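Everything on this sheet refers to the single structure shown next.
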Amino acid sequence: MSPHELRLVTPLPAPPPRRGRGVSSEEGLSRRGKILLYVCIALGLLGAGLAFAYKTAEFIYTISSEEARGFADVPVTVYFAVAAGWLCLLAWCFLGGKFKDIERTKGDLIAREEEYDRLGI
């Protein structure tokens, strides 16, 4: 291959975000979209929390009986550790701003693919 046939491929600059239904180019989600997102997150966390509390109460009720003592110490400990890990991951994402502009990455990927197709890369 001759040096004239070789070309340097560099990353393309990020394109501006596309405007879509319910999404403004400057703010990310619209106010209505943010409210809906927060309500869905709150309902999901509430439902998961209630289910978790129910399972914990059920476990405590079962483990207090004599015939079931010690049957699930390790699995339940692992379950609590995994649940705590997911809770930490959710808190890290929320506090780190990972949920602010969730649509931008998709638009960037599509725009870059179109640019690569246009350049013939």
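Readers should treat all values here as calculations from the given coordinates under stated rules, not as data from a laboratory. Bear in mind the structure is a predicted one, so any value in this text is a computation, not a measurement. Here the Cβ is made from the backbone with ideal geometry for all residues, glycine too, and neighbour counts use every protein chain on show.
Data overview
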quantity: Footprinting exposure proxy for Glu113, Glu67 (fewest neighbouring C-beta atoms within 10 Å first); calculated: Glu67, Glu113
quantity: Cα centroid of the range 71-111 to Cα centroid of the range 25-54, whole Å; calculated: 14 Å
quantity: The range 27-119 shape via C-alpha gyration tensor axes, a/c threshold 1.5; calculated: prolate
quantity: In sequence order, calculated HN-Hα J values of the range 74-80 (Karplus, 6.51, -1.76, 1.60; Hz; x Gly/Pro); calculated: 5, x, 6, 4, 5, 4, 5
